[in-house]
Amino acid sequence: MRLFLDTASIDDIRAAARFGVISGVTTNPSLLAKEGGVSYKQRILEIAEVIDGPISAECVTRTADELVAEARELASWHPNVVVKIPIDAEGLEAIHRCSREGIRINTTLIFNPNQALLAALAGATFLSPFVGRLDDVSYDGIELIRQCVDIMTIHGLKAQVLAASIRHPLHVTQAALAGAPVATIPPAVLYQLLKHPLTDTGIERFLADARTAGLIE
Ligand code: G3P
């Protein structure tokens, strides 16, 4: 499973890039709003200098014609831009028209497998089911990932399931076990993935024994 970083913070992206495990970035208007007014285009271009992979930038218009025009603009910013479009009727039409033009689409705000199926049939490159937001309302978000992956596999559809709205390390494990090709994770979750108390105590013990053995001062 590939890991993308779910943030518009260039500092967090630069810090995470050093691990060599992040192969894309996803942004949205809420994440950009946290970045103190930087222009969307400037931030996307800054991100493209750090991460050489798919960078999702989200449309904020509402009609199919507006979405297609906005998608063309976002896609023109950089070859790595993938355009995020929410799944509704106008969105589905725009996904179809943009995909036909070769614009890569990340379909966002997916909350049921039929939305994912429609977006895949319309030509979307990525499908973003929101795990955490489903959990928030007492639904099993990872079950949606499992269903979307199974539908793509059973019917030979090319769209890649991108597990989104990831809240904690267990979501990452479960998304990987569910067969999601990609998960997008907040920076905080990336650092949590690294952690295990036995690793920390194990390092301490090895260092103590290394001192005893005279390997280190
Ligand atoms: O990728 C979508 C994500 O940014 C939304 O996450 O935590 O607001 O549900 P959250």
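Listed values, structure above:
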| read-out | value |
| --- | --- |
| Within region 21-51, tally of residues that are within 12 Å of the ligand (Cβ to nearest atom) and free of Cβ contacts under 8 Å to residues at least 24 places away in the same chain | 2 |
| Failed item, numbered, when residue 176 is tested on (1) buried (at least 20 other Cβ atoms within 10 Å of the Cβ); (2) within 15 Å of the chain's Cα centre (by Cα) | (1) |
| The listed residue being assigned to a helix (DSSP H, G or I) and either of a type in the set (Phe, Trp, Tyr) or within 13 Å of the ligand (Cβ to nearest atom) (or both), out of 188, 208 | 188 |
| Output for region 6-20, where each listed residue is more than 13 Å from the ligand (Cβ to nearest atom) and buried (at least 21 other Cβ atoms within 10 Å of the Cβ) | 13, 16 |
| Lone unmet requirement of (1) over 24 Å from residue 44 (Cα atoms); (2) in contact with an Asp or Glu (Cβ under 9 Å, 6 or more places away or on another chain) for residue 114 | (2) |
| Selected residue (only one of 183, 159, 188, 176 is small (Gly, Ala, Ser), touching a Leu at 6+ places or on another chain (Cβ under 9 Å) and within 24 Å of residue 17 (Cβ to Cβ)) | 183 |
| Scan of region 41-76 for residues that are of a type in the set (Gly, Ala, Ser) and surrounded by fewer than 22 Cβ atoms within 10 Å (Cβ to Cβ), ordered by number | 48, 53, 64, 69, 75, 76 |
| In region 94-112, the residues that are more than 17 Å from residue 60 (Cβ to Cβ) and either in contact with a Ser or Thr (Cβ under 7 Å, 6 or more places away or on another chain) or of a type outside the set (S, T, N, Q) (or both) | 96, 97, 100, 101, 102, 104, 110, 111 |
| Test: residue in region 88-101 that is away from the ligand (no atom under 16 Å from the Cβ) and farther than 25 Å from residue 161 by Cβ | no |
| Qualifying residue in region 196-212 (condition: open to solvent by less than 90 Å² (accessible area, probe 1.4 Å), closer than 27 Å to residue 25 by Cβ and within 17 Å of the chain's Cα centre (by Cα)) | no |
| Search result, residues across region 9-31 that are among the basic types (Lys, Arg) and assigned to a loop (DSSP other than H, G, I, E, B) | 18 |
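Results for (1) assigned to a loop (DSSP other than H, G, I, E, B); (2) modelled with pLDDT of 95 or more; (3) within 13 Å of the ligand (Cβ to nearest atom), shown as yes or no for each residue.
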| residue | (1), (2), (3) |
| --- | --- |
| 123 | yes, yes, no |
| 135 | no, yes, yes |
| 144 | no, yes, no |
| 149 | no, yes, no |
| 166 | yes, yes, yes |
| 184 | no, yes, yes |
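The values are calculated or read from the model by the stated rules, or taken from the named source; none is laboratory data. Everything numeric here is computed off the predicted structure, so don't read it as measured data. Positions of Cβ are generated from backbone atoms using ideal geometry, with glycine treated the same way; all protein chains shown enter the neighbour counts. To get the accessible areas, we keep the full protein, side chains included, count just its heavy atoms, and leave off ligands, DNA and RNA. Shrake-Rupley method; radii C 1.70, N 1.55, O 1.52, S 1.80 Å.
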